[in-house]
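Since the structure comes first, as structure tokens, the remarks are kept for the end.
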Amino acid sequence: MDASKDPGRFPVDSRGTRDAARAVPWSLRVAAAVSWRFLLVIAGIGTVFWLLGYLEEVAIPVGIALLVSALFAPLVGRLQRWGVPRGLATLIAIVVGLAVVGGVLTLVITTVIAALPQLQSRVSASLTSINDWLQSGPLHLSHDQLQQWLDNALSAVNGNSSELANKAVQTLGTIGTTLTEALLALFTLIFFLYSGPQIWRFTLRAVPRDVRDQVDVAGRRGFASLVSYVRATVGVACVDAVCIGVGIWIVGVPLAVPLAALIFIGAFIPIIGAVLTGAIAVLVALVANGFISALIVLAILIGVMQLESHVLQPFLLGRAVRLHPLAVVLAIAVGLEVSGIIGALLAVPILAVLKSAIGSMLRDPEMDPNEVNALRPRSARP
């Protein structure tokens, strides 16, 4: 059959020859167009993450500085509205932050030093009771078996003395790198607080003019969501630290203040942070006070986690970022895989900012940037 005489069955072009492109069904063309665009977007996102990983020693301090600036920027803005010059307001915020951190560290260190003698005696007594339980309890381990395990552990440590030395050298290098990154984060934080609006306006120059206002609104909403997230996270962390800290203090577990401070820091990683740091409190209770105290601390930890998951997370963090718990868990897992603990710390804030910014670009394409206050959490909602 001649193709030119049956164009419906055999699509042809103007010269009467078959046209392969016109023979492809429309739905398949749409699927192919969506597929290559989707792969291009994924490649772009992957390139960005690869660059961030390659520049990790710079990206992480800048990310932490941005996270902390979301906590102190409202204070700087309020002081500025009260007539305080922006430079002085920035200095006050930095001094207040350093004073709080220094005070907490001083309290933790002094508490640990004061509790060491009592902790040593408790640990010795608890190890004796644990040894007796292992021999007379349901395991019925003999003294020779326990001694063999102890000898194996000591030989493993002695056999890996060279590795321990190498790890000690690596630890010193890590401490030096951490101090350098901390100084970079502090330096970046000062400029974020002092000249954040100017930095943002300079960044917007790289955006095409016809979409500059739309990107400006999205960025302001994203930072407002970050402010809201930090406030809610601080509230959740305070409740976790106070409840668990008071509980373990009542039980009589030593180092209650340092453990509460550790739980406060861990609570900045949603869902899993307080659980992991609370497990350290359970371990300290087990070693220092025995099984009964450990079980009581575990019950306190479970109760506080129930309070967090059913009350604090929905009412505080849920209203702040409006992220599904599954999205939070997956973001933390990806952050852990990419950058460890720091990645888990920054994963949820990044997700919250992206959600708010993308939602703003989809729903408020014609909004005036001056109508959005980046320091007000309510501005995060499109």
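At 1.4 Å probe size, with every protein chain present, just tell me what the per residue accessible area of the range 210-381 comes to in Å². I get 48 Å² per residue for the range 210-381.
By how many nm would the segment from TRP50 to VAL246 lengthen if fully extended, with 0.36 nm per residue of separation less the alpha-carbon distance?
Result for the pair: 66.2 nm of gain on full extension.
Computed over protein heavy atoms with a 1.4 angstrom probe, the accessible surface ordering of ASP368, ASP210, ASP240, largest first, is ASP210, ASP368, ASP240.
Remark: spin-label model distance ILE341-ILE175 equals 1.5 nm, labels positioned 7 Å along the Cα→Cβ axis. Note on GLU56: accessible area is roughly 70 Å² with a 1.4 Å probe, heavy atoms of protein only. Our estimate of slack between LEU204 and VAL41, defined as 0.36 nm per intervening residue step minus the Cα-Cα distance, is 56.5 nm.
The range 41-103 and the range 237-296 have Cα centres spaced 29 Å apart.
Simple spin-label estimate for VAL311 and GLU57 gives 4.6 nm between the two label positions (7 Å along the Cα-to-Cβ direction from each Cα). Ligands, DNA and RNA left out, the 1.4 Å accessible surface of the range 210-381 is 71% carbon and sulfur atoms.
The values are calculated or read from the model by the stated rules, or taken from the named source; none is laboratory data. This is a predicted model, so every value here is computed, not measured. Neighbour counts are summed over all protein chains in view; Cβ atoms, including those assigned to glycine, are modelled from backbone coordinates with ideal geometry. For accessibility, only protein heavy atoms count, side chains too; no ligands or nucleic acids. Shrake-Rupley method; radii C 1.70, N 1.55, O 1.52, S 1.80 Å.
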